[in-house]
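**Student:** Before I ask anything, let me first share the structure, which is written out below as C-alpha cells.
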Amino acid sequence: MSRRDCLNRLALGLGGIALADLLGRDATAAEPSLSPSLSLPPSLPHFAPKAKRIIYLFQSGGPSQLDLYDYKPLLNQRHGEQLPDSVRGGQRLTGMSGNQSSIPIAGSPFKFSPYGRSGGWFSDLLPHTAKIADDLCIIRSMHTESINHGPGVTFMQTGSQIPGRPSFGSWLDYGLGSANANLPSFVVLITKDKKGQPLMSHLWGSGFLPAKHQGVRFRSGADPVLYLNNPAGVSPENRRLALDRLRELHEHQFAGTPDAEISARIANYEMAFNLQTSVPEVTDLTNEPAHVVDSYGPDARKPGSFAANCLLARRLAERGVKFIQLYHQDWDHHGGLPGGIKRECLQTDQPAAALVADLKARGMLDDTLVVWGGEFGRTNYCQGPMTANNFGRDHHPRCFSLWLAGGGVKPGVTYGETDDYGYNITKDPVHIHDLHATILHLFGIDHERLTYKFQGRRYRLTDVFGKVVKDILS
C-alpha cells in the first residue's frame with residue numbers, strides 16, 4: 001500500500017467514526033427513549049400557561065378584512081376614484097393587478113354596525129360572530145411579507161415562507177407533549193369538497209422534528225384516518241402480537257443505532273393501534289344533543305363540512321388534543337367578491353361563533369384558545385373590471401385582520417389600527433412572528449427558548465424574530 005492510499009483510508013475511517021458519533025449524539029438527544037411519555041419535559045412549560053389547547057380556524061385564500069372587520073366608510077365615499085399614489089407609496093402589487101391602467105377604490109357593499117359592550121364593528125355578513133363580540137380580541141394590524149398564497153399559508157403555519165420547517169402544531173407537540181395516549185396531540189380537519197388554493201401536507205408536517213410530532217389528518221366518512229383499520233382476517237389480538245414482535249425488533253435495532261426515526265416509527269405504530277378504538281368514538285356525533293348540533297348551523301350534520309368539523313374540534317379538545325387545525329378554502333376573491341364572500345360567511349359564521357359559545361358554556365373557553373384568520377388580506381382597490389354590483393380584490397399583505405378568543409386573551413378588545421383607506425397600518429403592527437410568539441406565551445413557552453438543533457443551527461418557530469403582544473393578554 002502506498003503512503004497516499006494509507007492516508008486516504010485513514011482519513012475516511014476517522015471521518016466515518018466522527019460522523020457516526022455526531023449522528024448518534026443528535027439522535028439520542030432528540031429521542032432518548034423508545035417509550036412515548038405523556039409527561040412534560042422538565043424545562044417546559046417555562047412559566048404558568050393560560051391555554052391548554054388551541055383550535056385554529058384557518059381561512060385559506062385571504063378573507064377580505066374590509067368587508068368583514070375593518071370598517072372604512074371613506075372607501076364608500078370615494079368608491080370608483082383612483083387610489084392616491086400617496087397612499088400606495090410605491091408598494092409592491094401582484095402581477096394580477098400591477099399592470100392595470102386603472103386602480104379604482106372599491107367600497108364595501110355590506111353594512112357595518114358596532115356590537116356588544118365593546119362596540120366592535122362587524123359586517124352584516126357576520127351576524128353570529130357579532131353576537132360574541134365581547135368574547136373576541138380582534139387584531140386589525142396583522143402584516144406579512146408574503147404576497148402569494150403558497151408562501152403566505154406556509155409562513156402562517158410554519159413561521160417560514162419556505163416549505164420544510166416544522167408546523168406550528170408540531171412545535172407545540174414537541175414542546176409540551178400529549179395529554180391523551182389514545183389520540184394524537186395534533187389533528188387536522190379540512191372542509192370537504194372545497195375549491196381554492198391547494199393545501200399541502202407540509203402545512204401540518206413535522207419538518208426536521210421527529211416524525212411523531214406531525215399532524216394527523218382526520219377525514220370524513222367511514223375511515224377518518226387512512227389505513228387505520230385491520231385488513232380482513234386480522235383480529236385485534238393478532239395485530240397486538242405483531243406490534244409486540246415488531247417493537248422487540250426495533251428495540252434491538254435502536255440499541256445499536258439510536259436513530260430518532262426508529263423511535264418515531266414505533267410510536268406511530270402504537271398510536272395507530274390505540275386510534276382504532278378512540279377515533280370511532282370521538283368522530284361519532286350521534287350522541288350529541290340535538291340543540292348543540294343545531295347551534296352549529298344547518299351543515300353540522302354533514303360530515304366534513306366546516307360546521308361538523310367545528311363540532312368535532314370541540315369533542316377533540318374535550319379529550320385532550322392540544323392542537324386542532326381546521327382549514328376552510330375558497331376565500332380568494334379576485335372577482336365576484338360580493339357573492340363569493342357571502343357564500344363563505346354562510347358556511348363559517350355560525351359554526352365559528354357556536355364553537356366559542358359552546359366552549360364557554362362548558363367552562364373550556366378560559367383555557368382553550370380559538371384563532372380565526374387567513375394568510376393575508378385584500379386590497380382596497382378593485383382587481384379587474386368593476387361594475388355596479390360586482391368587483392374583486394387582490395392580495396394585500398400590508399394589513400389584515402384576524403380574531404382570537406379565550407385561552408388568556410383579553411375579550412372584547414380591538415388591537416391595532418389602519419389608515420382611513422385600509423391600506424397601511426398606523427398603530428400597533430403585529431407580524432406573524434409576533435402572533436406565534438404570543439400564542440406560545442399563552443401556553444407557557446418562551447418562544448426564544450423552544451429550539452431544536454438541526455444541521456448545526458438551533459431553529460425555532462419564530463426564527464430570530466417575534467415579540468409577545470402583551471397588550472392583548474388578560
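**Student:** Please verify whether S263 is within 23 Å of F218 (Cβ to Cβ), among the polar types (S, T, N, Q) and buried (at least 19 other Cβ atoms within 10 Å of the Cβ), treating the condition exactly as stated. Explain how you work it out, then say what you get.
**Tutor:** Values: within 23 Å of F218 (Cβ to Cβ): no; among the polar types (S, T, N, Q): yes; buried (at least 19 other Cβ atoms within 10 Å of the Cβ): yes.
Against the criterion (within 23 Å of F218 (Cβ to Cβ), among the polar types (S, T, N, Q) and buried (at least 19 other Cβ atoms within 10 Å of the Cβ)), S263 does not qualify.
**Student:** Only helices (runs of 4 or more DSSP H) wholly contained in the stretch 239-352 count here; list those with 1 or more residues that are in contact (Cβ under 8 Å) with a residue 40 or more places away in the chain, out of contact with any Lys or Arg (no Cβ under 8 Å at 6 or more places or on another chain) and hydroxyl-bearing (S, T, Y).
**Tutor:** Where helices (runs of 4 or more DSSP H) fall fully within the stretch 239-352 and carry at least 1 residues being in contact (Cβ under 8 Å) with a residue 40 or more places away in the chain, out of contact with any Lys or Arg (no Cβ under 8 Å at 6 or more places or on another chain) and hydroxyl-bearing (S, T, Y), they are 260-283, 290-295.
**Student:** Just to verify a result, which residue in the stretch 360-402, among those that are hydrophobic (A, V, I, L, M, F, W, C) and in a loop (DSSP other than H, G, I, E, B), is surrounded by the fewest Cβ atoms within 10 Å (Cβ to Cβ)?
**Tutor:** To start, the set of residues in the stretch 360-402 that are hydrophobic (A, V, I, L, M, F, W, C) comprises 361, 364-365, 369-372, 376, 382, 386, 388, 391, 399-400, 402.
From what is left, the residues that are in a loop (DSSP other than H, G, I, E, B) are 364, 376, 386, 388, 391, 399.
Working: M364: 17, F376: 28, M386: 18, A388: 7, F391: 24, C399: 27.
So, considering only residues that are hydrophobic (A, V, I, L, M, F, W, C) and in a loop (DSSP other than H, G, I, E, B), the one surrounded by the fewest Cβ atoms within 10 Å (Cβ to Cβ) is A388.
**Student:** I would also like to ask the following. Could you tell me whether T277 is surrounded by fewer than 23 Cβ atoms within 10 Å (Cβ to Cβ), under 29 Å from G177 (Cα atoms) and either more than 24 Å from the chain's Cα centre (by Cα) or of a type in the set (A, V, I, L, M) (or both)?
**Tutor:** Details: surrounded by fewer than 23 Cβ atoms within 10 Å (Cβ to Cβ): yes; under 29 Å from G177 (Cα atoms): yes; either more than 24 Å from the chain's Cα centre (by Cα) or of a type in the set (A, V, I, L, M) (or both): yes.
Against the criterion (surrounded by fewer than 23 Cβ atoms within 10 Å (Cβ to Cβ), under 29 Å from G177 (Cα atoms) and either more than 24 Å from the chain's Cα centre (by Cα) or of a type in the set (A, V, I, L, M) (or both)), T277 qualifies.
**Student:** Would you check which residues across the stretch 174-220 are among the hydrophobic types (A, V, I, L, M, F, W, C) and over 14 Å from the mean Cα position of the chain (by Cα) and list them? Walk me through how you get there before you give the answer.
**Tutor:** Just the residues of the stretch 174-220 that are among the hydrophobic types (A, V, I, L, M, F, W, C), to begin with: 176, 179, 181, 183, 186-190, 199-200, 203-204, 208-209, 211, 216, 218.
Of everything in the stretch 174-220, those that are among the hydrophobic types (A, V, I, L, M, F, W, C) and over 14 Å from the mean Cα position of the chain (by Cα) turn out to be L176, A179, A181, L183, F208, L209, A211, F218.
**Student:** Against the definition (at pLDDT below 95, over 29 Å from L442 (Cβ atoms) and either of a type outside the set (S, T, Y) or in a loop (DSSP other than H, G, I, E, B) (or both)), how does N76 come out, yes or no?
**Tutor:** Values: at pLDDT below 95: no; over 29 Å from L442 (Cβ atoms): yes; either of a type outside the set (S, T, Y) or in a loop (DSSP other than H, G, I, E, B) (or both): yes.
Answer is no for this residue.
**Student:** Looking at A313, A308, which is the one that is out of contact with any helix residue (DSSP H, G or I) (no Cβ under 8 Å at 6 or more places or on another chain), buried (at least 24 other Cβ atoms within 10 Å of the Cβ) and under 19 Å from R217 (Cβ atoms)?
**Tutor:** Details: A313 fails: out of contact with any helix residue (DSSP H, G or I) (no Cβ under 8 Å at 6 or more places or on another chain).
Selected residue: A308, the only one of A313, A308 that is out of contact with any helix residue (DSSP H, G or I) (no Cβ under 8 Å at 6 or more places or on another chain), buried (at least 24 other Cβ atoms within 10 Å of the Cβ) and under 19 Å from R217 (Cβ atoms).
**Student:** Could you please find all residues in the stretch 421-430 being surrounded by fewer than 16 Cβ atoms within 10 Å (Cβ to Cβ) and either within 23 Å of the chain's Cα centre (by Cα) or charged (D, E, K, R) (or both)?
**Tutor:** Passing the criteria: K427, D428.
**Student:** Which condition number in (1) surrounded by fewer than 19 Cβ atoms within 10 Å (Cβ to Cβ); (2) closer than 23 Å to P151 by Cα; (3) not charged (D, E, K, R) is the one that H433 fails?
**Tutor:** Failed condition: (1).
**Student:** Here is a further query. Is there any pair with a first residue in the stretch 112-138 that is more than 23 Å from G407 (Cβ to Cβ) and charged (D, E, K, R) and a second that is at pLDDT 95 or above and surrounded by fewer than 23 Cβ atoms within 10 Å (Cβ to Cβ) whose Cβ atoms are under 8 Å apart and which are 6 or more apart or on different chains, and what are they?
**Tutor:** D124/F110; D124/K111; D124/F112; D124/S113
**Student:** Mind checking which residues of the stretch 459-474 are among the basic types (K, R), over 18 Å from the mean Cα position of the chain (by Cα) and either modelled with pLDDT under 95 or within 18 Å of Q157 (Cα to Cα) (or both)? Outline the logic, then answer.
**Tutor:** Going residue by residue through the stretch 459-474, those that are among the basic types (K, R) are 460, 467, 470.
Filter again for over 18 Å from the mean Cα position of the chain (by Cα), leaving 467, 470.
Across the stretch 459-474, the qualifying residue is only K467.
**Student:** Kindly indicate the residue of the stretch 171-227 that is of a type in the set (S, T, N, Q) and surrounded by fewer than 18 Cβ atoms within 10 Å (Cβ to Cβ) and also farthest from H433 (Cα to Cα) among those meeting that condition. Can you show your working first?
**Tutor:** Let us first name the residues in the stretch 171-227 that are of a type in the set (S, T, N, Q), namely 178, 180, 182, 185, 191, 197, 201, 206, 214, 220.
If we keep only those that are surrounded by fewer than 18 Cβ atoms within 10 Å (Cβ to Cβ) as well, we get 180, 182, 201.
Working: N180: 29, N182: 32, S201: 21 Å.
Among those residues, the one meeting the criterion is N182.
The values are calculated or read from the model by the stated rules, or taken from the named source; none is laboratory data. These numbers come from a predicted model, not from an experiment. Every residue, glycine among them, receives a Cβ derived from its backbone with ideal geometry; neighbour counts consider all protein chains shown.
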